[in-house]
Amino acid sequence: MSDATAPQAQTGGALLTVEKLERHFEGLKAVDGISFTVGPHEVVSIIGPNGSGKTTTLNLVTGTIPANGGTITLDGADIGHADTARIAEDGVARTFQNGRVFATLSVADNIEVGIHSTLRASRPFRRLSRMFLLRWIPLLAELYIAIIGTPASRRERREIDATISAEIERFEARLGPRRDDPAYSLSYANRRRTEIARALALKPKLLVLDEPTAGMNQSETAEVLRQLLELKAEGQAILLVEHKLDLVMSVSDRVIVMDGGRIIAQGRPEQVRRDPAVIEAYLGRRRGLGGEDLV
């Protein structure tokens, strides 16, 4: 039975809480009053037909576009009106559906970009950068530290190098030999791996992945699944949009199904995959998700 109309789960202790979220485009309700949570250490996947509002939901959660209504909280703090930089500083990192890397930067430098929002010693007075009249103060301080350096900034540099090495080691067979190669020279799959490594370098509270296996073959998809399962075992909270249902069903603690901008069902993978309303909306035929007959 669909959980879409069931009372919302208790939000106490939730890492991410989305309530009555809305986004309209010229009158079209791309996201129509949805509510859900992601708990600490939980993997939640959003599935649904093309145009159902999945990526728009991720864009709203990560501040890429503003909401027209509703609330988004992370660890109890309202991030619904925050910009992407502030949300990253608060601990949300994401990848994009079409893959985004800096083509002329090396793999290592691309990963380092993901660490920028976590820097302390190298970015003193960084909160002043949000104040128009005072933003020159952190700029001068960062320039001084870049030229002269301090013991704290040198320690932080060593920590940055260690983080970069750790994330490359996560994809060692693929990215290790290409550490210093420019991103434009990488295969599509390795650009996606670089983007995931960059997001993980932030050490995020919540990792948001938009179709991480898009364009990958079966072997590459299986490799990403293994890495996602490792992240899950490490306790990483993940909000995932993915079309490959075998991966979704293998890695998810809960699955949310969207159609027409609304949540039509949510629950554990084994519940969702046999929900008749989900099958009708998602596949348009009376078979279980993954090709299994309904019973």
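Just so you know, all these numbers are worked out from the coordinates, no wet-lab data involved. Every value quoted in this text rests on a predicted model; they were computed, and no experiment measured them. Because the Cβ atoms are built from the backbone with ideal geometry, glycine has one as well, and the counts that use them run over all protein chains shown.
Once R0 is set to 45 Å, what does the formula 1/(1 + (r/R0)^6) return for the Cβ-Cβ distance between residue 166 and residue 277, expressed as a FRET efficiency to the nearest 0.05?
Values: r = 43 Å, r/R0 = 0.96.
Using R0 = 45 Å, I get an efficiency of 0.55.
Could you work out [θ]222 nm for the chain from helices alone, using -39500 (n - 2.57) per DSSP H run of at least four and dividing by all its residues? Round to the nearest 500 deg cm²/dmol. It would help to have the intermediate numbers written out before the result.
Working: 11 runs with 106 residues, N = 295.
Estimated from H runs of four or more residues: -10500 deg cm²/dmol.
Once you order the gyration tensor axes a ≥ b ≥ c over the Cα atoms, which shape class does region 159-236 get: rounded for a/c under 1.5, otherwise prolate or oblate by comparing a/b with b/c?
oblate
Within a 10 angstrom radius of the beta carbon, how do 187, 219, 153 rank from fewest other beta carbons to most? Don't jump to the answer; show the numbers that get you there.
Numbers: 187 11, 219 8, 153 19.
Result, fewest neighbours first: 219, 187, 153.
Would you mind calculating the relative contact order of the chain from Cα pairs under 8 angstrom and at least 6 residues apart, reporting the percent as a whole number?
Relative contact order comes out at 28 percent.
Once you have the Cα-Cα distance between residue 217 and residue 150, take 0.36 nm times their residue separation minus that, and quote the gain in nm to one decimal.
Numbers: separation 67, 0.36 × 67 = 24.12 nm, distance 4.70 nm.
Extending this stretch completely gives an extra 19.4 nm.
How far apart, in nm, are two points set 7 Å out from the Cα along the Cα-to-Cβ line at residue 140 and at residue 24?
In this crude spin-label approximation the distance works out to 4.7 nm.
Among 133, 175, 16, determine the one that fluctuates most according to a GNM of the chain built with springs between C-alpha atoms less than 10 Å apart.
133
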